[in-house]
1. Within the range 29-76, track down each residue that is modelled with pLDDT of 90 or more, polar (S, T, N, Q) and either surrounded by fewer than 17 Cβ atoms within 10 Å (Cβ to Cβ) or touching a helix residue (DSSP H, G or I) at 6+ places or on another chain (Cβ under 6 Å) (or both).
2. Please state which one of 133, 125, 106 is touching a strand residue (DSSP E or B) at 6+ places or on another chain (Cβ under 9 Å), modelled with pLDDT under 95, among the hydrophobic types (A, V, I, L, M, F, W, C) and over 25 Å from residue 27 (Cα atoms).
3. Given the structure, is residue 31 of a type in the set (D, E, K, R) and assigned to a loop (DSSP other than H, G, I, E, B)?
Amino acid sequence: MSGTEHRAGQVVVEMLLVLPVFLGIIFSIMEIGYVSFHVILLNHATYEVARIGGMTCGQANPGTCPQPNGARLSTVMSQIIPEATVVCQPYPTLVDPQAQQQNCELHCLGQHTIKLIFPISSIILSDKGTPGLKALKAVVAMPIERPLPQ
């Protein structure tokens, strides 16, 4: 046996040792990009729902916060991301001394669960108890627009 035959066998063994690690790194980078895309999409969708909810909440008594139309906001979210859910709740902030009315913010929580693609990275990135799935959340606070009282 010559030295080149031993060398060819050594290259195959080294490749078999390094290839799974290399592919795991490459697939993890691609999976992180996939998850990042869905995080950005969920943040944008939740922002749009909060914006619409803040502008269309309606009137309430000067000392209370108006309730958003939850069914309408869920419909808007499902038009952007069909599998996502959104829950919006008004919270009081400061009292406006000039208008003598309570100001409020609309806090919206968007949730979306995505299925991870690659087998090695999905083990690393998935949530505990749900292999291959990653739950994403986005929270947005938007001021509720109300006209001044007459």
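The values are calculated or read from the model by the stated rules, or taken from the named source; none is laboratory data. These numbers come from a predicted model, not from an experiment. All Cβ positions, glycine included, derive from the backbone under ideal geometry; neighbour counts span all protein chains shown.
1. Result: 36, 43, 74, 75.
2. On inspection, the qualifying residue turns out to be 106.
3. The answer is no for residue 31.
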